[in-house]
1. Within segment 52-94, which residues are free of Cβ contacts under 8 Å to residues at least 12 places away in the same chain, outside any loop (DSSP other than H, G, I, E, B) and over 16 Å from residue 40 (Cβ atoms)?
2. Test each condition in (1) at pLDDT below 85; (2) exposed (fewer than 12 other Cβ atoms within 10 Å of the Cβ); (3) more than 16 Å from the ligand (Cβ to nearest atom) for residue 38 and report the one that comes out false.
3. Please work out if residue 47 is within 16 Å of the ligand (Cβ to nearest atom), in contact with a strand residue (DSSP E or B) (Cβ under 9 Å, 6 or more places away or on another chain), at negative phi and without any contact (Cβ under 8 Å) to a residue 60 or more places away in the chain.
4. Residues in segment 64-101 that are more than 19 Å from residue 48 (Cα to Cα) and within 16 Å of the ligand (Cβ to nearest atom): how many?
5. With (1) surrounded by 12 or more Cβ atoms within 10 Å (Cβ to Cβ); (2) away from the ligand (no atom under 16 Å from the Cβ); (3) at pLDDT 80 or above as the list, and residue 33 as the residue in question, which single condition is left unmet?
6. Need the failing condition index for residue 79 against (1) surrounded by fewer than 13 Cβ atoms within 10 Å (Cβ to Cβ); (2) modelled with pLDDT under 90, just the number.
Ligand SMILES: [Zn+2]
């Protein structure tokens, strides 16, 4: 039994050492984004023109309670961003509303 515990400790140390070696923050962000991209669907339909968008950029979900994965895809044809959100239905609804608010504020006539 003690060998199992030892293996566990060794594995933990190994994992920590690797994480340290991989070092800088932009690398970690890139890795996290790649992981999040893998959780997003391969493509999403544009909300406006229904074009198939395959370039979905993962978004930071730390400020989005209940959201597991979030992404945004910009449509070249109409310049509109379509969002992909994965999480509980209430959280998705709330976050969509919040994003829409930000979008309207930023893109409004003022
Ligand atoms: Zn479009």
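1. 89, 93
2. Among (1) at pLDDT below 85; (2) exposed (fewer than 12 other Cβ atoms within 10 Å of the Cβ); (3) more than 16 Å from the ligand (Cβ to nearest atom), residue 38 violates only (1).
3. Working: within 16 Å of the ligand (Cβ to nearest atom): yes; in contact with a strand residue (DSSP E or B) (Cβ under 9 Å, 6 or more places away or on another chain): yes; at negative phi: yes; without any contact (Cβ under 8 Å) to a residue 60 or more places away in the chain: yes.
The answer is yes for residue 47.
4. 0
5. Unmet for residue 33, out of (1) surrounded by 12 or more Cβ atoms within 10 Å (Cβ to Cβ); (2) away from the ligand (no atom under 16 Å from the Cβ); (3) at pLDDT 80 or above: (3).
6. Failing condition for residue 79: (2).
The values are calculated or read from the model by the stated rules, or taken from the named source; none is laboratory data. Keep in mind that this is a model prediction, so the values were computed, not measured. Reconstructed Cβ throughout: ideal geometry from the backbone, glycine too, with neighbour counts over all protein chains shown.
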